[in-house]
Structure formats: structure tokens, C-alpha cells
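Worksheet: the structure to be examined is printed underneath.
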Amino acid sequence: MARNTKKAEYGDFQTPEGLVQQVCRFLKTNNVAPKSLIEPTCGVGTFFIEALSVFDEVREGYACDIDNYYIEVLKNQLSDYDVSIPTRVETADFFSKDWESDLDNLPEPILVVGNPPWVTNSQLGQLRSDNLPVKLNHKKMKGLDALTGKSNFDISEWMINRMIEWLQKKQGTVAMLCKTSVARKVLLNAWKHDKRMEVATMHLIDSKLHFQISADACLLTVTSSDRKHKDCKVYNHIEADNPIQTIGLRDCFLVADIHGYEETKHLIEDSQHYKWRTGIKHDCSRVMELEKIGEGLYVNGLGETNELEDLCLYPLLKGSDLTNGRPPKKFMLVPQTRIGQKTKYLAETAPKTLEYLIKYGDLLDQRVSSIYKGKPRFSVFGVGDYTFSNWKVAIAALYKKLEFFVVGPYEGKTVVFDDTVNFIAMDNAEESHRLADLLNSNTANIFYRSFIFWDSKRPITVQLLRSLDIDGLLEELGNEYKYSISKTSRQLQLI
Ligand SMILES: C[S@@+](CC[C@H](N)C(=O)[O-])C[C@H]1O[C@@H](n2cnc3c(N)ncnc32)[C@H](O)[C@@H]1O
């Protein structure tokens, strides 16, 4: 197999020496004093060699990797260093190895240290690789996907879950470099299954600097315990003294800030009165998003000018426009007034628009998402009465900013959003300002922040927004928000 393919399949990013030294020093100053050392996906064994020299009490060491070449490199290095501690180094597949019987014989406490592969099952699928636990290999993936709803996951998640299992029988520490999203999933799984463990820690690392990749990553440490702590302190970097947040499992929720959660958890309830929505999804911006260059003249994303009725074209705001306070630059073609509506009706009301859709029909027909299958031709999603209400309270879904805006009409026309915006449709400007003020209040801010993981792909979801009981908040904050419009919330200056 070519080295590059192998590198991708094995999620191979060897840890640089500087970071390895930093991690080992950190563990030692935090009283990790192992008698056995394990590096399960060791590569050239930079962690293994450093740890053997840093931890004085180590009596036995074990390292393995699936890549025979790396194992040979490590063996050579060990003979060069003339290591006196007994070590066993071998080529082995993490997933098929009988770890339990190997671990049985190792003296405690153990330290499992390293950096498991950075690869997801869908990347493995593209490479036609089965570097997965046997029960999850691709042949069985389809059925399992259907059962778990998991379509994409990092294989390191499975590996670290397994390592934490070892700590249920053995005293010791697992210290792994991984994506922060993986660390959270691993912790959530351990907490949900009542695993015995100390308060965990995550120390953020700069993956661009160390691995030349852009991913939110950390050093995750989990230590065995008689207790079942369900908290994890998160630090900005490996040498930081104070945590920036404490995440944890509370009442079945994965909470991003346990203090904020305790303070505002009485406000958890589906908001009955107000309905959160996501903007329109069309998956074809080249055809559906256009710039107006003159009366009835619009240029689409392919650079082609078309004459269209204004009827189905609405000023468009994306999450980035909203967050940066920019007025609409483009218009969105919204060919339906409700989901599933047949688009043939346009022949009567907007024949040029229908002609336009037919002209670019091939591009619209190529949309791969299954949501378009079996739906009328040119369908979009996230459209209904709420789309056309003139006033909206909105927030960008993908930005690291918790601010709600009031959006009114632009040049006399209703503004629509794409699916990077979440919003509530409102009746008028006054109520919109009142609601936005309420949502921008300190209490709502603490509530939402206690659930938001800013490194997620979509930090602000409709599900999160819906979980705040707006009526309950209004009752709690009282008259200030009920009867006056303080207008502290920003209205986009569109008109
Ligand atoms: C991110 S690299 C880290 C290597 C080393 N631990 C370090 O920190 O430099 C991941 C390593 O996992 C190995 N690997 C991938 N799949 C494996 C498997 N199924 N079993 C054992 N090792 C595996 C790769 O060959 C690669 O060396």
C-alpha cells in the first residue's frame, strides 16, 4: 500500500517531540506515577520513549502499532537508547488484540498514553478500509447506522472508550490526544454508563501548530477512582492553572457549564408559545440565489442574467450577514409557499420564474440530499407561513456569537434566511424588540451558554433554542421586559 494511503487509513499524525515532552511533564507534575506504561497505537513511539525516561517508577512497558514499519523504527530506537526497563513492542491491530489478558499481568497503576488515529469511518469508507472494530466494519455499517443513527464517527472514540473500560478493573490513568468532540463523546459515554472515574480534564492544544491540521483538539485525561465523577475541567492549554469551564453530565444532559446550568435549569422546557425555525434549505445557491441588477433583471451564481418576476424573489440574509450587521446583497428564489406545494402553480402567477427553474432544472435535479426525493420538482425546505412574516427575531447558527437580532422588511419586502439562521416569526416590530431583549438578557445568556459547545459545527441549534421556556423567563424577569421596549437588541438597519 502506498505510504500516503496508509497514512490516511491509519489516521497517522506522529506527535512532535515538543508536545510529547510537554504532556509527560504535565502528567508527572500532576502526580501520575505509573508502574506500567502502555502506548496502544504507538507509531514510532515518541511517547513511549519519553515516558520511559520521565516516569521513574515504571517497571514494564508495552507498545504496539498496526504499521510494521513503525514498530521496526521503535525497536531500533529502543536498542539505541539501551533502555533497562523490560519492554514489549509488537505489530498488532488495536481492534483484534486480546487486551484484557495482556493487561492482567501488568503492575498497577498503569498509564495509557498516546495519540490514537485521526480518521473517521466515512474516510475509511472512501478508502475501502476496514480499520474498525470487527462488529462495526463496513459490511455491517449500514444496519448499525440505522440502529444508532450514527453515520460518521472517529475511530479514536472507540479506542478511548475501550481504554476507559480498562480503568474499571485496573488503577491508572488514560491520557490521550484527540479532537475535543471525541473527548466529549467518550466522556458522555463513560458518564452515562456510570464508569468509575475521577473528575476528568481536557487541556486544549493547538493542532495547527503541532500537526498542521485545523481541528479543535485536546489532551484528555481520565483517572480511575472509587467514585463516579461526572465532571470534566477544561483548560486553555496544557500549562494553564485554572480551568476555563467545567463540563459535565447533569440530569441526562451534557452540560457545557455546570454552574450556569444549576443557576438556570428551572427554565428548561419546550417553549410552547414561540416556535423556533431554521431558514430555507435549497442546496443549489447557483440557481436559487441571485443579485438584482435592474428592474426585473437578476444575475445568478453562474453569472447569467435572467428576466424574472419579483414575486418569488426575497431579500436574503445569511448567518454571516446577520452577525456582521450587513444588509441583504442577494435575493433568494422561493418557489413554494409551503413544503410539498406543486411548483406548477407558477405558470399562472410567475411564468418567467417557472421558465427559469425549468432552464436550470438539471442542476436542481442533481441535488443529492434524500429530502428532495419524491417531492415536487424544484422543492425547497423550511418554508411555510412563518417564512413570509415581515418581522423576525433571528440568530446565526454557525457563529461563535450569542446575539439575537430583530429583522424587519427590506425595501418593503419580507427578508428570508438560508439554513445558517434560526428564527422566530413575529407579528410586529414592537413584539420583536421585546422578545429579542428577553433573549439577549443575562439569564437567557447563561441558560444557553450552559449548553453550547462552541467548537461544534453548528453550535446554536433549533433544538437548543427551543429548550428555553420563554414564557417562564418572561415571568421571572417581569415587567421590565413585559411592558417596555428597551431596544437594547440590535435591529438590522435594513430600510
Ligand atoms: C495519530 S498517530 C499517533 C502515533 C503515536 N502514538 C504518536 O503519538 O506519535 C496514530 C497511529 O495509530 C496507528 N494505528 C492506526 N490504526 C491502528 C490499529 N487498528 N491498531 C493499532 N494501531 C493503529 C497508526 O499506524 C499511527 O501510527
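The values are calculated or read from the model by the stated rules, or taken from the named source; none is laboratory data. In this text, all values refer to a predicted model and were calculated from it rather than measured experimentally. Neighbour counts run over all protein chains shown; Cβ positions are idealised from the backbone, glycine included. Areas reflect the complete protein model, heavy atoms only, side chains present, ligands, DNA and RNA absent. Shrake-Rupley method; radii C 1.70, N 1.55, O 1.52, S 1.80 Å.
Checked against the criterion of being open to solvent by 50 Å² or more (accessible area, probe 1.4 Å) and within 15 Å of the ligand (Cβ to nearest atom), segment 28-47 has no qualifying residue. Of all residues in segment 81-114 being open to solvent by 30 Å² or more (accessible area, probe 1.4 Å) and closer than 20 Å to T15 by Cα, which is farthest from the ligand (Cβ to nearest atom)? Across segment 81-114, the extreme among qualifying residues is Y81.
Within segment 323-348, the set of residues being in contact (Cβ under 8 Å) with a residue 40 or more places away in the chain and farther than 18 Å from V415 by Cα comprises just one member, I339. If you check A396, A429 for being of a type in the set (G, A, S), touching a residue at least 60 places away in the same chain (Cβ under 8 Å) and either crowded, with 23+ Cβ neighbours inside 10 Å or closer than 17 Å to P328 by Cα (or both), only one passes: A396. The set of residues in segment 415-441 being among the hydrophobic types (A, V, I, L, M, F, W, C) and under 30 Å from C284 (Cβ atoms) consists of V415, V416, F417, V421, F423, I424, A425, M426. Of all residues in segment 29-48, those that are on the phi > 0 side of the Ramachandran plot have Cβ atoms under 6 Å from Cβ atoms of residues that are within 11 Å of the ligand (Cβ to nearest atom), 6 or more apart or on another chain, in G43/Q14; G43/D65; G43/Y70; G45/A63; G45/L74.
So that you can scan it fast, the table gives a plain yes or no per residue for (1) without any contact (Cβ under 8 Å) to a residue 60 or more places away in the chain; (2) farther than 19 Å from C312 by Cα; (3) crowded, with 17+ Cβ neighbours inside 10 Å:
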position	(1), (2), (3)
F378	yes, no, yes
F381	no, no, yes
F404	no, yes, yes
G412	yes, no, no
D419	no, no, yes
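Within segment 209-216, is even one residue assigned by TED's automatic domain parsing to the domain that holds Y372, of a type in the set (G, A, S) and open to solvent by 50 Å² or more (accessible area, probe 1.4 Å)? No: segment 209-216 contains no residue that is assigned by TED's automatic domain parsing to the domain that holds Y372, of a type in the set (G, A, S) and open to solvent by 50 Å² or more (accessible area, probe 1.4 Å).
Just for segment 293-342: of the residues that are among the β-branched types (V, I, T) and open to solvent by 10 Å² or more (accessible area, probe 1.4 Å), which one is farthest from T387 (Cα to Cα)? Full working, then the answer.
First, pick out the residues of segment 293-342 that are among the β-branched types (V, I, T): 293, 299, 305, 323, 334, 337, 339.
So of that shortlist, the ones also open to solvent by 10 Å² or more (accessible area, probe 1.4 Å) come out as 293, 299, 305, 323, 337, 339.
Working: I293: 24, V299: 23, T305: 26, T323: 20, T337: 8, I339: 11 Å.
Filtering segment 293-342 for residues that are among the β-branched types (V, I, T) and open to solvent by 10 Å² or more (accessible area, probe 1.4 Å), the one farthest from T387 (Cα to Cα) comes out as T305.
Tell me whether segment 5-24 contains one or more residues that are more than 13 Å from the ligand (Cβ to nearest atom), more than 19 Å from Q171 (Cα to Cα) and either touching a residue at least 60 places away in the same chain (Cβ under 8 Å) or open to solvent by 20 Å² or more (accessible area, probe 1.4 Å) (or both). Looking for residues that are more than 13 Å from the ligand (Cβ to nearest atom), more than 19 Å from Q171 (Cα to Cα) and either touching a residue at least 60 places away in the same chain (Cβ under 8 Å) or open to solvent by 20 Å² or more (accessible area, probe 1.4 Å) (or both), one finds none in segment 5-24, hence no.
One residue is enough: does segment 79-95 have a residue meeting the conditions under 22 Å from L219 (Cβ atoms) and assigned by TED's automatic domain parsing to the domain that holds Q171? Full working, then the answer.
As a first pass, look at segment 79-95 and keep what is under 22 Å from L219 (Cβ atoms): 94.
Then keep just the ones that are assigned by TED's automatic domain parsing to the domain that holds Q171; that gives 94.
The answer is yes, given that some residue of segment 79-95 is under 22 Å from L219 (Cβ atoms) and assigned by TED's automatic domain parsing to the domain that holds Q171.
Among the residues of segment 58-69, is any under 20 Å from E17 (Cβ atoms) and more than 16 Å from the ligand (Cβ to nearest atom)? Step through it out loud before you land on a result.
Of segment 58-69, the ones under 20 Å from E17 (Cβ atoms) are 58, 61, 63, 65, 67, 69.
Narrowing the set further to residues that are more than 16 Å from the ligand (Cβ to nearest atom) leaves 58.
Yes, that holds for at least one residue.
Figure legend. Inter-residue proximity from segment 54-67: first residues in the same structural domain as I85 (by TED's automatic domain parsing) and open to solvent by less than 20 Å² (accessible area, probe 1.4 Å), second residues among the polar types (S, T, N, Q) and away from the ligand (no atom under 16 Å from the Cβ), beta-carbon distance below 8 Å, spacing 6+ or different chains. Indicated pairs: V58/S36; G61/S36; Y62/S36.
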